[in-house]
Amino acid sequence: MPLSKIQFQPGVNRETTSYANENGWFNSDLIRFRKGRPEKMGGWERLSSNTIEGTGRSLHVWAALNGSKYLGLGTESKFYIEEGGGYNDITPIRTTTTLGSNPLKTGSSGSGVVTVTAPSHGAVEGDFVTFSGATAVDGITTGQLNKEHQITLIDSNSFTISTAGSASSGNTSGGGSSVIAVYQINTGLGTVIAGNGWGAGLWGGYVTGYTQTTLNDSGGISNSDTSFTLTSAADFETASTTTSSDRSASDTTIAVADSSGFPSKGTIKIGSENIRYGSNSNNVFGDIIRGDDGTTAASSSSGDTVTFVGLMLIEDELVQYTGKSSNTINAGVVRGARGTLAVAHDDGVGVKEANDFVGWGDESSTSAEVGSNIRLWTQDNWGEDLAFNVYDGAPYYWDKTLGLGNRATSLASQTGASGAPTITRRIMMAPQARHLVCFACNPLGETQQDLLLVRWSSLEDPFDWTPTATNTADSIRVSSGSEIISAKKTRQEMLIWTDTSLHSMTSGGGDFGAFRIGMVASNVSIIGPNAATTVGDKVFWMDRENFYVYTGRIQVIPCTLLRYVFDDINLEQGFKCFAASNKMFDEVFWFYPTASSTEIDRYVKFNFTENTWDLGTLSRTAWVDYGIHDNPRACGKDGDVNYVYIHETGNNADGAAMTSFIESADFDLGDGEQFMFIDRLIPDISITGSDTSAAVNYILKTRNFPGDSLSTNSTSAVQSTTQQAFLRSRSRQAALRIESTVTDVAWTLGDLRLNVRPDGLR
């Protein structure tokens, strides 16, 4: 039989089943697509052997006039500036105190634990304090005491530290009368502590436990269409029954003949009234809201028709419906439901079943981020200096001329500072002119944070924030939403995300360079403060439902991995999600924690030139693209130890083998009725790296029906010089996995030819 060339479409697609994704790729790890061909992604190595305290959540690079290259790095515990592989701790100081007489007391004999008496210390568990002036106590030396320690909290007036010493007698007080304690700013949380209850959902609403398909109407739909077709409407529920008794307009339960076809919660229609219910048990709908969706509560008679009102989300528009015909939604369609805007939608956009839609003010059983978020930082340059802040904390300033041995100090404490914010969410230098800008900060002369307020310093002065007739300092309040979540600058503007909208901040063009803010779109937000990245004049981001790009206007990015990602993401830890660019290969990453993890363990990646997606497993918590440095840098862990890594260097995972693979969807002969016999493959693969003789495994997996599990049938080790490989496989369906598991090898896949012929079962 002649050889058959097997060609797969570029990109990984999991929006359908493996069998339905014929001639496509279905799974991957640590690969990329370049010119339509899959290849192994570049490796990584540690920037240095030095470690960092805490999980890195923010990276920023810049260069000084003398050529020195700096990397700002923020964790939940510290803020560093890296230079030459060394990490210089510039974490700001909260307070300095001289303790009372003999404030140190040893623990039991042989223990290195010391209890410190420090009234009203203001520390929290995990804070750092540096002692000086302490004398030796009970065998614990001055060198062991007069250094930095991490605090274990006992109460508001005392805490413990652990030293490398050993108490001689135990339970002995000492230290002298000149012990000085220098406290660094309080540490933050390394993970989100979630809460429940009324209003725990996002302001703009979100959907839990949804299924997803796409709009399949040629030419799309207008803002008034009341009939449209989906790729699959199988999971979009419809149901009907009748009432089993008379009901008044004030009844709090609805008894029906049969509620078994209705979901556990949702909305029903009786006559012209919509009734939202929160429970469905024993043919009774309970926890009801009468006259929902702007309808009027009304009485009903026994035997009246009860129809389920389905809810779907098409991009940012909610649509109600009561009936369908096959894959066409065509009955009881209400566009722009729940206060959303009815708009036109293109063919192919995502459509979500949204019966579990939770909006502002809805009682929610779903955890959401409330109050106890992880510590995040933003940072930007002012010339050679660095301005940075803790999310919902004070802005700080590091003066390069003072050297790396000096810590940052608050912006408000700088010489000549006037009216500078003391609390903010984000800080950056405006791209249009040299103004320092704070987002969600306290108004001038007040201490309370205004979550929609934007303030900026005077032109060319990062310390002057008090507006006068002769400077350009000013402020403006964002017009919609309840809080600013994030901000990102692009070439000539700054984008601002609130919890319900996106805004553009541009130069006002006035005599003093004032700014103006205009709304770009409503019903759009962002999953976390760092979930956006800028590449040239494009800004990419993700919210809790989609991926977007802004190029002067917003576009939803069609994603072949959308359902795979959002069905398996831990939304409680959504603030950890972040976007990263890799300009070397025209790629944007989104790193996120999966549903079973509280820390980032996976990525999804988009090539914005070739419009291809792939996915993989990689634990990275912050990233900065190449530019100042020749390669991207990222924060990650080796076990419990935190490092900074250089990426796209070599072909290994920090010296170890880097397992990389791509796996196809199923393929068969014709319609899969016949068994196929495969006995030979002709590989087409380029193997590079320091070990070009290394083998890449071609793994053939088979099954006879889509519902069967794939089983490995044969594995062939292929080198760049391999002419052909022999195997023996008989099945209705097959999938191919190309995988490398050895060090010092890179590969690029070409076309594949197989010797395939029809065959019988035996």
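Just so it is clear, none of the values below were taken in a lab; they were calculated from the coordinates. What you are looking at is a predicted structure, and each value in this text was computed from that prediction instead of being measured. Ideal geometry is used to build each Cβ from the backbone, glycine not excepted, and the neighbour counts take in all protein chains shown.
FRET efficiency for the Val349 to Phe705 pair, using the beta carbon distance and R₀ = 30 Å, is estimated at 0.40.
Which links in Lys35/Lys324; Lys269/Lys576; Lys78/Lys105; Lys324/Lys488 stretch past 32 Å when you go from one Cα to the other? Result: Lys35/Lys324; Lys269/Lys576; Lys324/Lys488 exceed 32 Å. Panel order for His435, His60, by other beta carbons found within 10 Å of each beta carbon, from fewest to most: His60, His435. Distances between every pair of Cα atoms in the range 93-184, grouped in 10 Å steps from 0 to the bin holding the largest one, split as 20, 57, 22, 1 percent. Backbone phi angles across the range 92-108, fed through the Karplus curve with coefficients 6.51, -1.76 and 1.60 (θ = phi - 60°), yield HN-Hα couplings of x, 8, 7, 6, 10, 9, 8, 6, x, 5, 6, x, 10, 9, 6, x, 5 Hz in residue order; Gly and Pro are listed as x. Residues whose amide H falls under 5 Å from that of Gly175, counting only those 5 or more places apart or on a different chain, are Thr135, with hydrogens built in the peptide plane.
Counting neighbouring Cβ atoms within 10 Å and putting the fewest first, the residues Ser693, Ser686 line up as Ser693, Ser686.
From helices alone, the chain scores 0 deg cm²/dmol at 222 nm; the rule is -39500 (n - 2.57) for each run of n ≥ 4 DSSP H residues, then divide by the residue total.
Here's how it looks for Leu318: its modeled amide H is under 5 Å from those of Gly336, Ala337, Thr340, Leu341, which are all 5 or more places away or on a different chain. In plain terms, the residue of Thr712, Thr560, Thr659 with the fewest other Cβ atoms within 10 Å comes first and the most crowded comes last, giving Thr712, Thr659, Thr560. Between (1) 42, 38, 23; (2) 49, 39, 27; (3) 53, 37, 20, which entry matches semi-axes √(5λ) of the Cα gyration tensor in Å as derived from the coordinates of this structure? Checking each listed value against the structure points to (2). Amide H to amide H, with H built 1.01 Å from N, Phe547 comes under 5 Å of Ile557, counting only residues 5 or more places away or on other chains.
Along the range 727-736 the Karplus relation, 6.51 cos²θ - 1.76 cosθ + 1.60 evaluated at θ = phi - 60°, assigns HN-Hα couplings of 8, 9, 9, 9, 5, 7, 10, 9, 9, 10 Hz to successive residues, with x for each Gly and Pro. Phi angles of the range 558-563 translate, via the Karplus equation with coefficients 6.51, -1.76, 1.60 and θ = phi - 60°, into HN-Hα couplings of x, 10, 7, 10, 4, 5 Hz per residue; Gly and Pro are given as x.
Cβ distances below 4.7 Å define possible disulfide partners, and in the chain the cysteines left without one are Cys559, Cys577, Cys635.
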